[in-house]
């Protein structure tokens, strides 16, 4: 079982959150949705995410519970994994055989890596995509009963479409509507859950 929440917060982060609160009111959001929004906006210094993110409190609660219970985290890149500071994340893109499998299947290395990971990780994993839309498409198609899919790939080609497909899939998810995204914000969404202690939302049960 992972220990959720943090004992100390750096003064710079405290000041950043104060500035954020002075610029946008997030008090209407439920606790986990607010935590994710705050941390994503903070990571990118971009308040556009307030209206761009698509969050569901029940899905976030499922993800929080899975992380609390030690569910594996699978990231689509080293950068995403490096940004997740509260837990270790697997990066299948670095595994042996990915390039050969991609050539064999005529797909991207990112998609092939997710295919391999889906063979290794069973139901209940947390999947985090911040870079490759093809990785997100593979998660949607192949991941067995994920606890949560954080789908925030960035880019002009395929990113918007893959995130729309994630929302249409009905999987428990974090996404956004625009081309915005990336490693930092995907990791920030996971960190928001890892850093949320139970007391943050016990007064607002599902």
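The values are calculated or read from the model by the stated rules, or taken from the named source; none is laboratory data. In this text the structure is predicted, and so the values were computed from the model without any measurement. Methodologically, a virtual Cβ is constructed for each residue, glycine included, from the backbone with ideal geometry; neighbour enumeration extends over all protein chains shown.
With respect to (1) touching a helix residue (DSSP H, G or I) at 6+ places or on another chain (Cβ under 8 Å); (2) over 23 Å from residue 37 (Cα atoms); (3) surrounded by fewer than 20 Cβ atoms within 10 Å (Cβ to Cβ), the lone exception for residue 177 is condition (2). Taking the numbered list (1) under 23 Å from residue 105 (Cβ atoms); (2) modelled with pLDDT of 95 or more; (3) over 15 Å from the mean Cα position of the chain (by Cα) in turn, residue 156 passes all entries but (1).
Filtering segment 67-126 to residues that are under 11 Å from residue 187 (Cα atoms), touching a strand residue (DSSP E or B) at 6+ places or on another chain (Cβ under 7 Å) and part of a helix (DSSP H, G or I) leaves 80, 81. Here's a check for you: in segment 160-174, which residue that is in contact with a helix residue (DSSP H, G or I) (Cβ under 8 Å, 6 or more places away or on another chain) and in a helix (DSSP H, G or I) is surrounded by the fewest Cβ atoms within 10 Å (Cβ to Cβ)? The residue in question is 161. Looking only at residues in segment 12-45 that are surrounded by 12 or more Cβ atoms within 10 Å (Cβ to Cβ), in a loop (DSSP other than H, G, I, E, B) and within 22 Å of the chain's Cα centre (by Cα), the one that is modelled with the lowest pLDDT is 26.
Can residue 98 be described as closer than 18 Å to residue 176 by Cβ, without any contact (Cβ under 8 Å) to a residue 40 or more places away in the chain, buried (at least 16 other Cβ atoms within 10 Å of the Cβ) and in contact with a helix residue (DSSP H, G or I) (Cβ under 9 Å, 6 or more places away or on another chain)? In short, no. Within segment 180-197, if we keep just the residues that are at pLDDT below 95 and within 17 Å of residue 148 (Cβ to Cβ), the residue that is surrounded by the most Cβ atoms within 10 Å (Cβ to Cβ) turns out to be 196.
Every test in (1) in a loop (DSSP other than H, G, I, E, B); (2) surrounded by fewer than 18 Cβ atoms within 10 Å (Cβ to Cβ) is passed by residue 141 save one, and that test is (1).
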